[in-house]
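Asks: Shown below is the structure under consideration.
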Amino acid sequence: MIARILFFALLCLVGQPINAQYVVSDFRSLDEWEVIASDGVVVRIVHDTGTYDKSLRIDIEFVAGSGYGGVRKKLDLDLPPNYQFSFEVKGNLPPNNFEFKLVDTTGDNVWWVNRRNFEFPRDWRNLRVKKRHLEFAWGPRRGEDLERVGWVEFIVASAEGGKGSVWLQNFLFEPRSAEGSTGTPTVTASSFLDMKSAPESVLDTLSSTVWKSARTPEKQWLEIDFGRPREYSGIVLEWEPGLRAQDFAVATSDDGKQWKEAFRTRNARSEKAYIPMFETESRFLRVNLLKSVGGKGYGIRNLTLKDEGVWNNQTDVFAAMAHDAPRGFFPRYFLNEQTYWTVIGVSGDEKEALINEEGMIETDKLGFSLEPFLSIDDKLLTWNDANISQSLQDEYLPIPSVHWKLEQIDLTVTAFADGEAGKSVLYAVYEVHNTSKRRITGNLFVALRPFQVLPPTQWLNITGGAANVRSIVRKGKTVVVNETKELVSLTPPNAFGVGEFAQGDITLFLRDAGLPRLVGVNRLSDGHHHGSAALEYAFDLAPGNGQRFILAVPFYRRKEVRAMLENARDAERFVETARSRATRFWKTKLNVMHIELPPSAQKLINTAKSTLAYILINRD
């Protein structure tokens, strides 16, 4: 009741801002929180230390592999016209769905924010839930706004499952003023070259006008004052050629005095910088320019501000990059085009891979993908340059191949899995074949990219699109991703390179500079969680000749499997033995039945057998 009186008092303050926070829970008492869990999920709550005083630790284990669990608090709260909740969270769970729910006083109607495949931060992160973020989840009041809250819930629902803990602290509520105009922005800079290169030109969206700093190797800055707090989701910086910042940072401030750094990069290579700043609100925005490529100052053609809700996640950012990049540099789905895929795995295993119709291979659920590129005569060739077809071995076995046919060369990507459940291995075989009448030299690049094969339009249980790549470390034949997933190059690469998301997309480096100049190191830690890498394989083919390059990705990190792969001396013989073993297994398993139909119906028979194989692969 006290809380309700407080809200009414705040709302009645005529002409005064109502952005005053109050504490929903300081988590000093466990009695106010009720544990809720579905069958097969074990949940317990305990007190723990926090930044402010106390935090709530939720220990959760998905014993049955699926379900949900979390906590609920009774909350008698009338909602003002506009508001936001905020809280801080950290955790050590695998990626799962993290749900914030408001339930009305009847208990029948639920509004929520469902962060699917949420990667729980290891350090405290502040999350905000604004009124416009809440969606109606279920109940008879569909289409109505929530006016009075009865309960609030924090729920973890299974995506990957597993076990671990989630911590919560500093749970606040804030009535907010109505959404309005953002004011008139003012742009200032540390310097500008002349009157034709004034700072405000960065906001006019014209490529003919450019802000140019003084010609100096010193650090410079560009600052925007929006006139009042403004919400936005990111910015795009378009550099003037030759005046690009190699090292720069972006910071925000509410008063123009105290700044919080939101983005930083070193060794940036792209002529456009895409800077995600999801759900940011500030009055001031500053770009701190730390080092220029030529030591002659800096130039920015345009600074494009992405309004709140334009970029909601990293998939939206990649889609913006894909629309600006040459076609073929990104998967089709970032261009809003349909792409199809099929599953790869062994019978009865818990893990599978996917390969799409362009030959990109997703190495595990929610995991990174391997994508092929060819470089011939200093031109980067992609799926967009090829006539593409697909096939299954013997027209029905779950061993798929994707075929690129180009003017002078063919590329075939074949993927299959071998081994027993719990110890299985994914194999990717890339075969380049010279179909011309001249000798061809070039490179095959196999890029390790932070994308799933699963498109973002697929969202029922997990959401496709971007994937997290926090770290990449190369150790001899083996590349370790996110400290857990291993990639073994059975064919030794000629070069290897890594790049952070903030440095620019890896395809731009493959096109413009080549892999050895990409970064030149074997280790990457990407604070933005979307790093990339590439392996380079050189080929020199006489007319009619071909060459194969072979990679293996264990589905499970087991010492004996890694030792087997790293000790393989003859990659060709090793992978053919594995493929023959997989072929024998599937023929034995799928040919136990005999179907008699006219020859014209052979495709139906093949489809029935393939479908049976996919059922066996997808079962756990």
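The values are calculated or read from the model by the stated rules, or taken from the named source; none is laboratory data. Predicted, not measured: the structure shown is a model, and the values here were computed from it. Don't worry about glycine lacking a Cβ; one is built from the backbone with ideal geometry, like all the others, and counts go over all protein chains shown. Note: accessible area is taken over every heavy atom of the protein model, side chains too, but ligands, DNA and RNA are not part of it. Shrake-Rupley method; radii C 1.70, N 1.55, O 1.52, S 1.80 Å.
Asks: Taking only segment 247-282 into account, find how many residues are aromatic (F, W, Y), out of contact with any Leu (no Cβ under 6 Å at 6 or more places or on another chain) and assigned to a strand (DSSP E or B). Can you show your working first?
Replies: If we filter segment 247-282 for residues that are aromatic (F, W, Y), which is where we start, we get 248, 259, 263, 274, 278.
With the extra rule that they be out of contact with any Leu (no Cβ under 6 Å at 6 or more places or on another chain), the set shrinks to 259, 263, 274, 278.
If we keep only those that are assigned to a strand (DSSP E or B) as well, we get 263, 274, 278.
So the answer is 3.
Asks: Go through (1) among the charged types (D, E, K, R); (2) surrounded by 15 or more Cβ atoms within 10 Å (Cβ to Cβ); (3) closer than 30 Å to L290 by Cβ for R215 and report which single condition fails.
Replies: (2)
Asks: If you go through segment 474-494, how many residues are in a strand (DSSP E or B), over 15 Å from D364 (Cα atoms) and open to solvent by 20 Å² or more (accessible area, probe 1.4 Å)?
Replies: Residues that pass the stated criteria total 2.
Asks: State all residues of segment 345-366 that are within 17 Å of L616 (Cβ to Cβ) and among the hydroxyl-bearing types (S, T, Y); if no residue qualifies, say none.
Replies: The initial filter retains those residues of segment 345-366 that are within 17 Å of L616 (Cβ to Cβ), namely 345-354.
Listed by number, the list holds a single entry, S347.
Asks: Just for segment 550-561: of the residues that are open to solvent by 60 Å² or more (accessible area, probe 1.4 Å) and over 23 Å from the mean Cα position of the chain (by Cα), which one is nearest to E350 (Cα to Cα)? Lay out the reasoning, then the answer.
Replies: So the first thing to find is which residues in segment 550-561 are open to solvent by 60 Å² or more (accessible area, probe 1.4 Å), and the list is 557-560.
Retained after the next criterion (residues that are over 23 Å from the mean Cα position of the chain (by Cα)): 558-560.
Values: R558: 15, K559: 19, E560: 19 Å.
My answer is R558.
Asks: Say we look at segment 495-542 and pick out the residues that are among the polar types (S, T, N, Q) and not in a helix (DSSP H, G or I); which of these is modelled with the highest pLDDT? Give the steps one after another, and end with the answer.
Replies: Initial filter on segment 495-542 (among the polar types (S, T, N, Q)): 503, 507, 522, 525, 532.
Right, trim to not in a helix (DSSP H, G or I) and you get 522, 525, 532.
On the way: N522: 69, S525: 77, S532: 93.
Across segment 495-542, the extreme among qualifying residues is S532.
Asks: Still on this structure, please answer the following. Determine, yes or no, whether E566 is of a type in the set (D, E, K, R) and either under 32 Å from the mean Cα position of the chain (by Cα) or crowded, with 17+ Cβ neighbours inside 10 Å (or both). Break it down stepwise before answering.
Replies: Values: of a type in the set (D, E, K, R): yes; either under 32 Å from the mean Cα position of the chain (by Cα) or crowded, with 17+ Cβ neighbours inside 10 Å (or both): yes.
Yes: the conditions hold for E566.
Asks: Step by step: first the residues of segment 237-258, then only those that are out of contact with any Phe, Trp or Tyr (no Cβ under 8 Å at 6 or more places or on another chain) and under 17 Å from R283 (Cα atoms), then the one that is surrounded by the most Cβ atoms within 10 Å (Cβ to Cβ). Which residue is that?
Replies: Q258
Asks: How many residues does segment 126-146 contain that are under 16 Å from Y83 (Cα atoms) and assigned to a loop (DSSP other than H, G, I, E, B)?
Replies: 3
Asks: Picking from T205, T265, T304, which residue would you name as being open to solvent by less than 50 Å² (accessible area, probe 1.4 Å), touching a residue at least 24 places away in the same chain (Cβ under 8 Å) and not basic (K, R)?
Replies: T265
Asks: Does any residue of segment 404-411 turn out to be closer than 24 Å to M564 by Cβ and open to solvent by less than 40 Å² (accessible area, probe 1.4 Å)?
Replies: Looking for residues that are closer than 24 Å to M564 by Cβ and open to solvent by less than 40 Å² (accessible area, probe 1.4 Å), one finds none in segment 404-411, hence no.
Asks: Given the conditions (1) under 26 Å from the mean Cα position of the chain (by Cα); (2) assigned to a strand (DSSP E or B); (3) among the acidic types (D, E), which single one is not true for D123?
Replies: It is condition (2) that D123 fails.
Asks: Could you look through segment 307-334, keep only residues that are open to solvent by 20 Å² or more (accessible area, probe 1.4 Å) and among the aliphatic types (A, V, I, L, M), and pick out the one that is nearest to R128 (Cα to Cα)?
Replies: By that ranking, first place goes to V310.
Asks: Being under 18 Å from S86 (Cβ atoms) and open to solvent by 50 Å² or more (accessible area, probe 1.4 Å) is the filter here; which residues of segment 33-63 pass it?
Replies: Of everything in segment 33-63, those that are under 18 Å from S86 (Cβ atoms) and open to solvent by 50 Å² or more (accessible area, probe 1.4 Å) turn out to be T51, Y52, D53, K54.
Asks: Report, by residue number, each residue of segment 381-403 that is of a type outside the set (S, T, N, Q) and either without any contact (Cβ under 8 Å) to a residue 60 or more places away in the chain or open to solvent by 20 Å² or more (accessible area, probe 1.4 Å) (or both).
Replies: Within segment 381-403, L381, W383, D385, A386, I388, L392, D394, E395, Y396, P400, V402, H403 meet the criteria.
Asks: Pick out the one residue from P140, P81 that is open to solvent by 40 Å² or more (accessible area, probe 1.4 Å) and either among the hydroxyl-bearing types (S, T, Y) or in contact with a helix residue (DSSP H, G or I) (Cβ under 9 Å, 6 or more places away or on another chain) (or both).
Replies: Result: P81 is the single residue among P140, P81 that is open to solvent by 40 Å² or more (accessible area, probe 1.4 Å) and either among the hydroxyl-bearing types (S, T, Y) or in contact with a helix residue (DSSP H, G or I) (Cβ under 9 Å, 6 or more places away or on another chain) (or both).
Asks: Taking the criterion of being of a type in the set (S, T, N, Q), over 18 Å from R72 (Cα atoms) and free of Cβ contacts under 8 Å to residues at least 60 places away in the same chain, would at least one residue in segment 110-125 satisfy it?
Replies: No; the residues of segment 110-125 include none that is of a type in the set (S, T, N, Q), over 18 Å from R72 (Cα atoms) and free of Cβ contacts under 8 Å to residues at least 60 places away in the same chain.
Asks: Can you say whether E223 is at pLDDT 95 or above and within 12 Å of L289 (Cα to Cα), as far as the supplied structure shows? Steps first, answer last, please.
Replies: Details: at pLDDT 95 or above: yes; within 12 Å of L289 (Cα to Cα): yes.
Against the criterion (at pLDDT 95 or above and within 12 Å of L289 (Cα to Cα)), E223 qualifies.
Asks: Among residues belonging to segment 578-595 that are of a type in the set (A, V, I, L, M, F, W, C) and assigned to a helix (DSSP H, G or I), point out the one that is farthest from V561 (Cα to Cα).
Replies: It comes out as L590.
Asks: Next question. Mind checking which residues of segment 287-301 are on the phi < 0 side of the Ramachandran plot and surrounded by fewer than 21 Cβ atoms within 10 Å (Cβ to Cβ)? So that I can check it myself, show each step before the final result.
Replies: As a first pass, look at segment 287-301 and keep what is on the phi < 0 side of the Ramachandran plot: 287-294, 296, 298-301.
Scanning segment 287-301 gives N288, L290, K291, V293, G294, K296.
Asks: Of the conditions (1) open to solvent by 40 Å² or more (accessible area, probe 1.4 Å); (2) within 20 Å of V42 (Cα to Cα); (3) not small (G, A, S), N97 satisfies every one except a single condition; which number is it?
Replies: Of (1) open to solvent by 40 Å² or more (accessible area, probe 1.4 Å); (2) within 20 Å of V42 (Cα to Cα); (3) not small (G, A, S), only one is false for N97: (1).
Asks: I need the full set of residues from segment 335-366 which are assigned to a loop (DSSP other than H, G, I, E, B), surrounded by 24 or more Cβ atoms within 10 Å (Cβ to Cβ) and within 21 Å of the chain's Cα centre (by Cα), in order please.
Replies: Selection gives G359, M360, T363.
Asks: Could you list, in sequence order, all residues of segment 335-379 that are of a type outside the set (S, T, N, Q) and without any contact (Cβ under 8 Å) to a residue 24 or more places away in the chain?
Replies: Scanning segment 335-379 gives L335, E337, Y340, D378, K379.
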